Amino acid sequence: MSALNPSGSIRRRLVVQLALITALLSVAFFLAIRVVAERAATDTQDDILAASATSIAQAVYSDRGDVRLELPYYAISMLGTISEDRVFYRILVDGQTLTGYDDLPLPSGRSQGRDPVFVTAPYRDDNLRSVLVSRTLSVGDQARHVQVVVGQTRRGLAAISSKITTTAVGIGAAFFLVATALSVFAVQNAMSPLDRLAQSVARRGPNDLRPVTAATPAELVPLVGGLNSFMQRLKSALNRSEDLIAEAAHRVRTPLATVRTQAEVIYRQMERPENKKALREMIRAVDESSRSAGQLLDHAMVTFRSDQLETQQVAVSDLLHDVVDRLSSTAELKDIQVRLYVPDTPTYVHGDAILLQNAVRNVMDNAIKYSPPDTEITVRLHVDTMCRISFIDQGRGFGQADLAKLTKRFSRGSNVDDVVGSGLGLTIADDVARAHGGRLEISSNAKGSGACVTLVLPLS
């Protein structure tokens, strides 16, 4: 399988983008809370200052042509002493200080009617919030202009602002964490249909090319449609390839068999030794070509059918009897006796009958080909937890060859160079065994010269 080249994670990208959006919203939320809360605290202080200054202004009265003041205690006490805030006041009559702090500056501007004028300015090394309230007082026949200035330091407001900032930071952080967690949950939930689709396709076997019919979100419909179209084209291509292989096997084997037969007829009619030798070489070349072409096509057929196994219940005893009967005539030409031992109890495996027959035929054909005349080949079916089909011959064995490598394509023993062969027989048998969940075991004949090849298959 070729390595994929991922260009990033959609899930990670969505989570990061949503987290950034959440962070921006958290900052905006923090700023909004801080601004609104500080504005509310400032407005509250201004209202109290205005109420205090208005109370003092109302306490100014005329007495026998003089302007007097009885400073109401509650007018100052309502400002409180939170965080050691200091309160300053100044009462002016026609611009002259009646009482209070002479250096307390007047807020710039004049009050319009009953509307107070507020200002924040430094005073005595502190930051002071002041309010100016004006009124007109009748003293005898004269109208006197009364101005009341009340100021309060902003330490208490700074403490409140600090608390508001701390609270806003906590709320913003909590909002960010909760929103991020909800974003991750939302992304997981949104991506779950894609995960389920990927898992359903990954769980399929190598030969399952059915179209995907699961419920699919609208955004994934084009992807699933393209996948189904691709699988349909792949299935058609595999079917055409299998048909081509079967047709090619027939088209190649038949002409080669005809050429060999005609060559043998001519060989029998030849009298000159040099002509007979040339024909023998030609017959050998035809045999080698026919066998190689046949096994190459068999191997290709096994490869394609392994991806699309047409499984059924296969009676192993009947399969072995059929293959032995077909190859018995070939064995008799070399005076080789084939002994078949199968149990009386029927044995079944679940698999592709054509592939299993092909594997058994190739192992049996190898045993006949590499066995000398007047020997025996034992075919034995043994059943324990698995179905074991053993082929034991009295031939040359495998020599010094590495047994583990004999199932690779075109691998042969080191002592069979003079025998026509392609090195694909055991490869085909091994591929078929693996496709059925089994294996091919290769060893030497434990009772003498020769080889022992065992096809191990799971029972149905």
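The values are calculated or read from the model by the stated rules, or taken from the named source; none is laboratory data. All values reported here derive from a predicted model rather than from experimental measurement. Reconstructed Cβ throughout: ideal geometry from the backbone, glycine too, with neighbour counts over all protein chains shown. Note: areas computed on protein heavy atoms with side chains; ligands, DNA, RNA excluded. Shrake-Rupley method; radii C 1.70, N 1.55, O 1.52, S 1.80 Å.
Here are some notes:
- With Cα atoms as the point set, the stretch 7-78 shows a radius of gyration and Dmax of 27.0, 94 Å.
- Ordering of 61-70, 432-441 by packing is 432-441, 61-70, highest average first (other Cβ atoms within 10 Å, averaged per residue).
- Straight Cα distances below 24 angstrom link residue 334 to the lysines 276, 277, 369, 447, with same-chain residues fewer than 8 positions distant left out.
- Accessible area (Å², 1.4 Å probe, nearest 10) - residue 341: 100
- Per-peptide packing, taken as the mean over residues of other Cβ atoms within 10 Å, places 30-37, 45-52 in the sequence 45-52, 30-37 from highest down.
- Accessible area of the stretch 128-219 belonging to carbon and sulfur atoms, whole % at 1.4 Å probe: 61
- The mean accessible area for residues of the stretch 30-84, using a 1.4 Å probe and ignoring ligands and nucleic acids, is 61 Å² per residue.
- Accessible surface for the stretch 172-211, divided over its residues, is 65 Å² per residue with a 1.4 Å probe.
- With only Cα atoms counted, the stretch 299-408 has Rg and Dmax values of 14.8, 41 Å.
- Less than 5 angstrom separates the built amide H of residue 444 from those of 452, all sequence-distant by 5 or more or on a different chain.
- Interchain or long-range residues, amide H under 5 Å from residue 98's placed H: 91, 92, 93
- Mean Cβ count within 10 Å, highest first, over the residues of peptides 172-178, 188-194: 172-178, 188-194
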